[in-house]
Every structure is written in structure tokens, then in C-alpha cells.
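Here's the structure, in C-alpha cells; my notes come after.
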Amino acid sequence: MTRDKGAKPPSQRQLKVGELVRHALADIFSRGEVVDEVIVRHSLTVPEVRMSPDLKLATAYVMPLGGGEADEVVAHLQKHKRFLRGEVAKRVSLKFMPELRFKQDTSFETSARIDELLASPAVARDLDDD
């Protein structure tokens, strides 16, 4: 989930539409509207939805709580993306409903790795004021 150095930041419109789609997906997952045994047995979080500049593609980053079977959950979400697109279209009023893609969210692992590095003795030694 890193950005290219030369890439432009997302526009306000991209951010707004991404949040609308994220809220719609979170609502669908919390209500258990997807009939799939793998998806139903996990509580899913949707920390971010990134929109393409033309708003035709929405990449939803998802993670099951606890992190178990994340790859399997993402694969099953990919199978149901047409159904999910239709459900999101019912909840979000847009001229064109974007195509949905699902990816595993790795931001929690990245932040845990940064916390681990900051707590290491070598970094603590460098940060010490003595």
C-alpha cells in the first residue's frame, strides 16, 4: 500500500467516493449479506478503498479480524465481486458504479513492524539523550 514517488495524491472526489464505497462494503459485511461460508465465518474490516482517477475502479483493502485466512477471504471476495458491486450500487448514488477489486490490507503488519523497530535496543540507544 505504498505510493509511487511521482504519483499525484488522490483528489477530494476520489477520497469522498472511496469513503462512500468503504462504508457501503462495511455495511454489507456487517449484515452478513454475502452468502459464502468462508466470508461468513470472519468479521471483515475495510480500512481503505482507493479509487482510480477516473473513478471506474475501486480497490478495497480488506482484512479479517485476527488476520487468519486473509488470502482465502480475498479470493472468495473476488468470486462475489459482481454481487458486491450490485449491492454497493444500491447504497451509493453514482453515475457509474466502479468495478471492485479486493486486496489484503497489510498496513497493520507494517505498523507492527515499525513499532518493533522503534522498540529495538539499537534505536532506543540512538534516541537516548545521554
**OP:** Sticking with the crude label model, points 7 Å out along Cα→Cβ, report the distance from F96 to R41 in nm, one decimal please.
**Re:** 3.9
Original post:
Given springs between every Cα pair under 10 Å in a Gaussian network model of the chain, which of D54, D36, D115 has the largest fluctuation?
Top reply: D115
Original post:
Expressed as a whole number of Å, what is the distance separating the alpha-carbon centroids of the range 1-78 and the range 104-121?
Top reply: 21
**OP:** Per DSSP H run of n ≥ 4, the term is -39500 (n - 2.57); total these for the chain, divide by its residue number, and report the mean residue ellipticity at 222 nm rounded to 500 deg cm²/dmol.
**Re:** -15000 deg cm²/dmol
Subject >> Accessible surface of D126 - all protein chains present, 1.4 Å probe, nearest 10 Å² >> reply: 110
**OP:** Give the residue from F108, G18, G67 lying farthest towards the positive end of the charge dipole for the range 13-130; charges sit on Cβ (+1 for Lys and Arg, -1 for Asp and Glu) and the dipole is referred to the Cα centre.
**Re:** G18
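How high is the FRET efficiency between D126 and Q78 when r is their beta carbon distance and R₀ equals 35 Å, given to the nearest 0.05?
0.20
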Subject >> Choice from K95, K81, K56 with maximal GNM fluctuation in the chain (Cα, 10 Å cutoff) >> reply: K95
**OP:** In whole Å, largest first, what are the principal axis extents of the Cα atoms in the chain?
**Re:** 61, 37, 19
Subject >> Fluctuation leader among L25, L57, L117 - the chain, Gaussian network, Cα springs under 10 angstrom >> reply: L117
Subject >> Sequence-separation-based contact order of the chain, relative, with Cα cut under 8 Å and 6+ spacing, percent >> reply: 24
**OP:** Using label points projected 7 Å from each Cα along Cα→Cβ, tell me how many nm separate T106 and E33, to one decimal.
**Re:** 3.1
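Once you list every other residue whose beta carbon is under 13 Å from the beta carbon of V92, what net charge do they have if Lys and Arg are +1 and Asp and Glu are -1? Each step should come with its number before you reach the end.
Values: positive: K16, R22, R85, K90, R91, K95; negative: E19, D27, E87.
Net charge in that neighbourhood comes out at +3.
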**OP:** Could you size up the charge dipole of the chain around its Cα centre, putting +1 on the beta carbon of Lys and Arg and -1 on that of Asp and Glu, and report it in debye to the nearest 20?
**Re:** 1180
Subject >> At R0 = 41 Å, FRET efficiency that the Cβ-Cβ distance of I114 and K16 yields, to 0.05 >> reply: 0.90
Original post:
From the Cα gyration tensor of the range 1-77, with a ≥ b ≥ c the square roots of its eigenvalues, which class applies: rounded if a/c is under 1.5, or else prolate if a/b is larger than b/c, or else oblate?
Top reply: prolate
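The values are calculated or read from the model by the stated rules, or taken from the named source; none is laboratory data. All values derive from a computational prediction rather than experimental measurement. For neighbour counting, all protein chains shown are included, and Cβ atoms are generated from backbone atoms with ideal geometry for every residue, glycine included. All accessible areas refer to the heavy atoms of the entire protein, side chains included, with ligands and DNA or RNA removed. Shrake-Rupley method; radii C 1.70, N 1.55, O 1.52, S 1.80 Å.
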